[in-house]
Amino acid sequence: MPKLTDDSANERIVATLAASLVVPVAMTHPLAGPDGDDEGGNDDSGEGQVGIATRTRAKPKKPSQFKVLMLNDDYTPMEFVVMVLKRFFRMDMEQATQVMLHVHQRGVGVCGIYPYEIAETKVNQVMDFARQNQHPLQCTLEKA
Ligand code: TYC
């Protein structure tokens with residue numbers, strides 16, 4: 001069983017989550033009244049200060065979600081698409097067959113919905129695997 005996310009993908013996910021916790025003061029100004037905020041003492045005067053002022057976001061934004069879409073084509077074997085759906089999207093035989101047939105008949109279908117970094121990793125894994133096997137299978141992202 002292959003690992004679904006490698007260590008560098010996990011590091012990028014952690015970096016993204018950490019970044020979302022710190023926001024420039026200017027962006028949050030409506031909430032940043034004199035100590036009505038979450039960490040206090042950030043008075044916006046900037047006297048003698050250099051750099052970007054930041055404070056901790058009171059309510060961390062949950063990472064936005066992305067659909068991973070599979071596209072139909074005339075050449076990729078149905079069995080290969082089923083294998084991809086089982087391998088990278090953890091579907092069982094029945095679910096993978098259903099999704100593959102949906103894509104075959106309708107042109108596009110949803111493989112799963114994930115935070116951006118994970119969705120992007122899955123698209124890359126599918127595209128690499130298809131290329132290695134010389135199939136034109138295409139996979140893409142769409143904001144959920
Ligand atoms: N249309 C392909 C065929 O007839 C099967 C297929 C299904 C290809 C889904 C891609 O995403 C796909 N062999």
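From the square roots a ≥ b ≥ c of the eigenvalues of the alpha-carbon gyration tensor of segment 68-144, which class results: rounded (a/c under 1.5), prolate (a/b over b/c), or oblate?
Rounded shape, in that the Cα axes give a/c under 1.5.
Can you give me the long-range amide H partners of Phe66? Hydrogens built in the peptide plane at 1.01 Å from N, cutoff under 5 Å, separation of 5 or more residues or another chain.
Excluding prolines and chain starts, which carry no amide H, the hits are Tyr114, Tyr116, Ala144.
For Asp73 and Arg90, compute 0.36 nm times the residue count separating them, minus their Cα-Cα distance, and round to one decimal in nm.
Result for the pair: 3.9 nm of gain on full extension.
Tell me which residues come under 5 Å, amide H to amide H, from Met91 once H is placed; ignore anything under 5 positions away on its chain.
Close amide H contacts, sequence-distant or interchain: Lys86.
Treat each spin label as a single point 7 Å out from the Cα along the C-beta direction, and report the Thr56 to Val108 distance in nm.
Modelled inter-label distance: 4.1 nm.
At a threshold of 8 angstrom on Cα-Cα distance, excluding pairs fewer than six apart, so keeping six or more, what relative contact order does segment 97-144 reach in percent?
Averaging sequence separation for qualifying contacts and normalising by length gives 26 percent for segment 97-144.
7 Å from Cα along Cα→Cβ at both Gln138 and Gln65: what's the point-to-point distance in nm?
Going from the Gln138 label point to the Gln65 one covers 2.6 nm.
Considering only C-alpha atoms, what is the centroid distance from segment 61-80 to segment 104-144, in Å?
Comparing the Cα centres of segment 61-80 and segment 104-144, I get a distance of 4 Å.
Ordered by residue, what ³J(HN,Hα) values in Hz, to whole numbers, does segment 70-86 give under the Karplus form 6.51 cos²θ - 1.76 cosθ + 1.60, where θ = phi - 60° and Gly and Pro are x?
Whole-Hz 3J(HN,Hα) from phi for segment 70-86: 9, 10, 6, 8, 8, 10, 5, x, 4, 5, 5, 4, 4, 4, 4, 5, 5.
Every read-out reported here was derived from the displayed coordinates using simple, explicitly stated rules and does not represent laboratory data. Remember, it's a predicted structure, so these values are computed and weren't measured experimentally. Cβ: placed from backbone, ideal geometry, glycine included. Neighbour counts: every protein chain shown.
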